[in-house]
Amino acid sequence: MKKTICIILSAVVLVGLFSGCGSSGKETPKSKGEVNVYNWGEYIDTDLITQFENDTGIKVNYKTFESNEQMYSVLKQGGVSYDVIIPSDYMVARLISENMLEPLDYSKISNYSLIAGNMKNLVYDPDNKYSVPYMWGTVGIIYDPKVVGEVDSWSALFDPKNSGKILMFDNSRDAMGIALKYLGFSTNTTDESQLNQAYELLKKQKPLLQGYVMDQVFDKLESGEAAIGPYYAGDFLTMHQENPNLEFCIPKEGSNLFVDAMCIPKGAQNKDNAETFINYMTATEQSMKNSEFIGYTSPNSAVKNEIDVDDYSKSIMYPDDAVLAKCETYTNLPQATLDYYDAVWVKLKS
Amino acid sequence: MKKKYTGGKIFTALTYIFLYAPIVVLIVFSFNSTKSRSVWSGFTFEWYRQLFTDDLVMSSLQTTLLVSVLASLTAALIGTFAAIGFYNMKKKWRSPLLLINNIPVVNADIITGVSLSLLFVSAGLIMGFELGFGTLLIAHITFDIPYVILSVMPKLYQLDRNLFEAAQDLGCTWFQTIYRVIIPEIMPGIINGLLIAFTMSVDDFVISYFTAGSSVQTLSMTIYAMTRRRISPEINAISTLLFATVLILLLIVNLREERQHKAEKIKEDLLEGTV
């Protein structure tokens, strides 16, 4: 019996030692407080966090979320204080409208001047008082031309000849967005008849689908189990490495341009450190390293010329201005429309 | 008769395949050389290497282990004394209290999580603290305690009631009786409770999710957040390691029980021999 107690106690001591080592190893010589960062999962080159800690002496508590809505509910619930959050466009708008964001002191974020002109003053933050873009990208169709032929329109996702090989977004905003764009409407419409038409279209599409998916899209398209589906441009590049047959197109009807932006929520305890962090991540060297790691496009204008990727990847990451002009960014929808989305989605999935 | 027998065999085999096939797939793909989860493209240890250099995964693993160890030890301590208390109660009181103890075990995690979170948030507003490692630890201790009590109680029932008095007759103080007589007798129950509590803590997602706050993140929370983008095979690697750890723990528990049974049997045989 004594032996077991001994073993357990020594195991505890060992674990204690290990954790002690871990944290003391991380601590920087001159501690300048900390910064609590809340970002999407798998959405940063973690080397940058270590570098930031070494360069500034600020300790980073890094946490991750898996959807804008999840992040929103955590902020709303209270009892927590984050210093930097990185929500997407429409969620930034919602947080602004609910007075949940702290205005940024741009004099402390000098690298903001490096942000490309077309990434400033976007619809979600028209006066650019609350946010600094982190990454952006487009949604397009990923397809295997050998199976479904050349694709230049959303119509391919609704075409009965591709039946059984089509994948669709497993979230209401992106799925409805595609249907609305195909019909020639704005993705931010609140017009009930337009929304109804989009819903009818999705209802007709459902029997043709192999499934509604999010990250399973990687396996299904890489292995050839499915042949066509919409997803993010940056993630297409990952799939392309595994299955070079795959192609990407932004449909001629236009698409969604998403921006994930760094913001400081109300009640942040370390606002200065948060601004230091935002400034650091916006610098050209860091933006480039991050963009190479994630595969999404950096809003820093210098990165485009310096980034070390092949021409093909670059053409996907930086679409022509003419193509971008047709893309729309999501805005925050009024509650009535959000309720409509929820209702439609429940009906479609059941 | 014989036919029925092979049917049973097939059924057993199917059950085990159903239970373990996913884990086998997970382990196999932790050695896959590309990120694909469906195409095998070669053997590699790359994901294990990346795993140990991924700061986020490692720091959340550290949080998970620290919380689990501290919570299961504290719960073992509190749970053991609670069980001894229950044991010495009148039955009128013991039964309802044990029933209340069982409720958190069968209760949905989400309810425990939300209610603890609400409690911590409101208490934090009054007393000026935020959700963090402390609240996470308290939450884990809270849901670990019932498991310890549940595994210690049976050992107490097996105890000879006279032992307590015999020890005191022979000059033990109250504390010595507990420490030198009762605790060693019920130790197997405590250890089992400790191990169950530990695995429950490592396993927990829902309650941690609601109580961890902004500065700490457990491993299960890190894995969950990866689901928008493709889950990296690092996760397969760490799950494989966790599975192996739990398997080893389980083997230890079972081997210990086996040994104890054998020892008791020998003791009984010897006693019978002397009669």
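The values are calculated or read from the model by the stated rules, or taken from the named source; none is laboratory data. Just so we're clear, the structure is a prediction, and the values are computed from it rather than from any experiment. Heads up, the Cβs are rebuilt from the backbone with ideal geometry, glycines too, and the neighbour counts pull from every protein chain shown.
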| said: Which residue is farthest from B:Leu241 (Cα to Cα), if the candidates are limited to the range B:18-49 and must be in a loop (DSSP other than H, G, I, E, B) and of a type in the set (Phe, Trp, Tyr)? | reply: B:Trp40
| task | Provide a single number: the residues in the range B:11-52 that are surrounded by 12 or more Cβ atoms within 10 Å (Cβ to Cβ) and of a type in the set (Val, Ile, Thr). | result | 7
| Looking at the range A:33-63, which of its residues are at pLDDT below 90 and either crowded, with 19+ Cβ neighbours inside 10 Å or not assigned by TED's automatic domain parsing to the domain that holds A:Met100 (or both)? | A:Gly41, A:Glu42
| query | Of everything in the range B:131-176 that's among the hydroxyl-bearing types (Ser, Thr, Tyr) and without any contact (Cβ under 8 Å) to a residue 40 or more places away in the chain, which residue is nearest to the other protein chains (Cβ to nearest Cβ)? | reply | B:Thr142
| query | Cβ-Cβ below 6 Å, separation at least six or inter-chain, first residue in the range B:39-61 and more than 9 Å from chain A (Cβ to nearest Cβ), second in a helix (DSSP H, G or I) and charged (D, E, K, R): which pairs? | reply | B:Trp47/B:Glu234; B:Gln50/B:Glu234; B:Leu51/B:Glu234
| message | Taking the conditions exactly as written (assigned by TED's automatic domain parsing to the domain that holds A:Asp272, out of contact with any helix residue (DSSP H, G or I) (no Cβ under 9 Å at 6 or more places or on another chain) and within 22 Å of A:Glu275 (Cβ to Cβ)), does A:Asp89 satisfy them or not? | response | yes
| Which number in (1) surrounded by fewer than 19 Cβ atoms within 10 Å (Cβ to Cβ); (2) within 14 Å of chain A (Cβ to nearest Cβ) marks the one condition that B:Gly113 misses? | (1)
| message | Against the condition in contact with a strand residue (DSSP E or B) (Cβ under 8 Å, 6 or more places away or on another chain), assigned to a helix (DSSP H, G or I) and within 27 Å of B:Gln217 (Cα to Cα), how does B:Leu56 come out, does it pass? | response | yes
| note | Quick count over the range A:159-180, residues being small (Gly, Ala, Ser), in contact (Cβ under 8 Å) with a residue 60 or more places away in the chain and part of a loop (DSSP other than H, G, I, E, B), is 0
| said: With the condition being in contact (Cβ under 8 Å) with a residue 60 or more places away in the chain, I'd like the helices (runs of 4 or more DSSP H) fully within the range A:181-273 carrying at least 3 qualifying residues. | reply: A:192-205, A:233-242
| field | Selection count, the range A:295-320, where residues are farther than 23 Å from A:Pro251 by Cβ and surrounded by fewer than 21 Cβ atoms within 10 Å (Cβ to Cβ) | value | 9
